[in-house]
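Below: one structure, written as structure tokens.
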Amino acid sequence: MKVILVSRFGGPEVLELKETPLPQLRPASVLIAVKAAGVNPVDTYLRAGSFGYQPNLPFIPGIDGAGVIEEVGEGVSKFHKGQAVFFQGVLGSYAQYIVCPEDRVFELPQGFSFSQGAAIGSPYATAYHALFQCAGAEAGQTVLVHGASGGVGIAAVQWAKSRGLRVLATAGTAKGKELVLDVGAEMVFNHGEEGYVNKILEYTQNQGIDIILEMLANKNLENDFSLLANYGKILVIGNRGKIEIDPRNILRKEISVIGVNLFLASSSQRKAIFAAIEAGLKNKSLWPIIRAEIPLEQAALAHKMIMEGGATGKIVLII
Ligand code: NAP
């Protein structure tokens, strides 16, 4: 089968198109013919060897995807050959076929493309985990999705809106801002613009924000303290470096800074996440937005694009 293989850690150029044997089906697993693979920032960290966990070389990157069930393993009754599905959190989605444990596979409802299916897994699960399981968000609260134009951000806007929160957001381009409003934010600000923090505060009439979902903590954490209301929470989802903070700003408002790590979601939390996703897809309150469909062969281009910013939804590889 055709795959993208990483044989050494490095830049996008280490993503090479290769032929490998089909993976072997195991009990309680399914073999999926992958039609689209989601490109997540973590794929680039794993490729570069800069993530805390490093897969053994060589490996096939990608942890999200969608496709069609090709074969079911012993003991699997939930799925059948020919069924459209998406999967989350299984390394090796940049490939024509993948074997996934059945509890990582979910039905792709009618009306959703394979590209949309590939855009669901990690982004929607992370946004749900952050908002409802880590922050305990409730209807009526104000959330700032700080970095709302990408995969996790768009998912977060849709989740929050569907659960009755007031949603403010940021994006870095005019196109990104427009998209974020389209998917349901009440107001959007440009996180690249001088003075945008004050604009957000003014917009809340200096009441502040209850929950910030932070996609770039190393840049924004100190400013986030000034944006929050008393007892506000910052959910650190994305971070790419270090930042100096004044802890006095945390104690002044009894702020909580909470780390989010989808890999640490418990199995009962995962059950709740994917039950909520199933319901949200069925009632169409969740609707993945695709920025670009790129052929598998050009995985390196997809990795460059995702790190360049200017997000307007999800980048997927077409297989
Ligand atoms: P993505 O699709 O590449 O989107 C990145 C987002 O970050 C875009 O909305 C981008 O906005 C925004 N951004 C850029 N500069 C920013 C700034 N100065 N302030 C605030 N936001 C800024 O990536 P993603 O899939 O949404 O993931 C977002 C982050 O979460 C990544 O760092 C990823 O590694 C992390 N993540 C963490 C977990 C976890 O379990 N903790 C799970 C999934 C993802 P513009 O492009 O419009 O500037």
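Inspect all residues belonging to the range 161-171 and state whether any of them is on the phi > 0 side of the Ramachandran plot and not aromatic (Phe, Trp, Tyr).
First, pick out the residues of the range 161-171 that are on the phi > 0 side of the Ramachandran plot: 164.
This time we only want the ones that are not aromatic (Phe, Trp, Tyr), so: 164.
Within the range 161-171, one or more residues are on the phi > 0 side of the Ramachandran plot and not aromatic (Phe, Trp, Tyr).
Out of curiosity, is residue 299 within 16 Å of the ligand (Cβ to nearest atom) and more than 24 Å from residue 211 (Cα to Cα)?
On the way: within 16 Å of the ligand (Cβ to nearest atom): yes; more than 24 Å from residue 211 (Cα to Cα): yes.
Yes, satisfied.
Quick one: which of 213, 251 is in contact (Cβ under 8 Å) with a residue 40 or more places away in the chain and out of contact with any Asp or Glu (no Cβ under 6 Å at 6 or more places or on another chain)? Steps first, answer last, please.
On the way: 251 fails: in contact (Cβ under 8 Å) with a residue 40 or more places away in the chain.
Unique residue meeting the criteria: 213.
Where the second residue is among the basic types (Lys, Arg) and in a strand (DSSP E or B) and the first is under 14 Å from residue 293 (Cα atoms) and lies in the range 31-53, which pairs have Cβ atoms under 8 Å and are six or more apart or on separate chains?
The qualifying pairs are 38/314; 39/314.
Consider residue 203 carefully, then state whether it is away from the ligand (no atom under 16 Å from the Cβ) and either of a type outside the set (S, T, N, Q) or touching a Gly at 6+ places or on another chain (Cβ under 6 Å) (or both).
Yes, satisfied.
State whether one or more residues within the range 269-284 are of a type outside the set (Val, Ile, Thr) and within 13 Å of the ligand (Cβ to nearest atom). Explain how you work it out, then say what you get.
Initial filter on the range 269-284 (of a type outside the set (Val, Ile, Thr)): 269-272, 274-276, 278-284.
Next, from what is left, pick out any that are within 13 Å of the ligand (Cβ to nearest atom): 269-270.
Yes, some residue in the range 269-284 is of a type outside the set (Val, Ile, Thr) and within 13 Å of the ligand (Cβ to nearest atom).
Have a look at 124, 53, 128, 45 and point out the one that is out of contact with any Ser or Thr (no Cβ under 8 Å at 6 or more places or on another chain), surrounded by fewer than 17 Cβ atoms within 10 Å (Cβ to Cβ), part of a helix (DSSP H, G or I) and not polar (S, T, N, Q). Outline the logic, then answer.
Numbers: 124 fails: surrounded by fewer than 17 Cβ atoms within 10 Å (Cβ to Cβ); 53 fails: part of a helix (DSSP H, G or I); 128 fails: surrounded by fewer than 17 Cβ atoms within 10 Å (Cβ to Cβ).
Answer to the selection: 45.
Which ones in the range 267-304 are buried (at least 20 other Cβ atoms within 10 Å of the Cβ) and among the basic types (Lys, Arg)?
Across the range 267-304, the qualifying residue is only 291.
For residue 106, indicate whether it is in a strand (DSSP E or B), surrounded by 16 or more Cβ atoms within 10 Å (Cβ to Cβ) and in contact with a Cys (Cβ under 6 Å, 6 or more places away or on another chain). Step through it out loud before you land on a result.
Values: in a strand (DSSP E or B): yes; surrounded by 16 or more Cβ atoms within 10 Å (Cβ to Cβ): yes; in contact with a Cys (Cβ under 6 Å, 6 or more places away or on another chain): no.
Judged against the criteria, residue 106 is not a match.
Going through the range 136-158 one residue at a time, which ones are in contact (Cβ under 8 Å) with a residue 40 or more places away in the chain, hydrophobic (A, V, I, L, M, F, W, C) and within 13 Å of the ligand (Cβ to nearest atom)? It would help to see each step written out before you state the result.
Step one: of the range 136-158, the residues in contact (Cβ under 8 Å) with a residue 40 or more places away in the chain are 137, 141-156, 158.
Going one step further and asking which of them are hydrophobic (A, V, I, L, M, F, W, C), we end up with 137, 143-145, 148, 152, 154-156.
Selection gives 144, 145, 148, 152, 154, 155, 156.
Scan (1) under 17 Å from residue 94 (Cβ atoms); (2) away from the ligand (no atom under 15 Å from the Cβ); (3) surrounded by 21 or more Cβ atoms within 10 Å (Cβ to Cβ) for the single condition residue 317 breaks and write down its number.
Residue 317 satisfies all of (1) under 17 Å from residue 94 (Cβ atoms); (2) away from the ligand (no atom under 15 Å from the Cβ); (3) surrounded by 21 or more Cβ atoms within 10 Å (Cβ to Cβ) except (2).
Only the coordinates and a few stated rules stand behind these numbers; no lab work does. Fair warning: this is a prediction, and the values are worked out from it, not measured in the lab. All Cβ positions, even for glycine, are placed from backbone atoms using ideal geometry, and neighbour counts span all protein chains on display.
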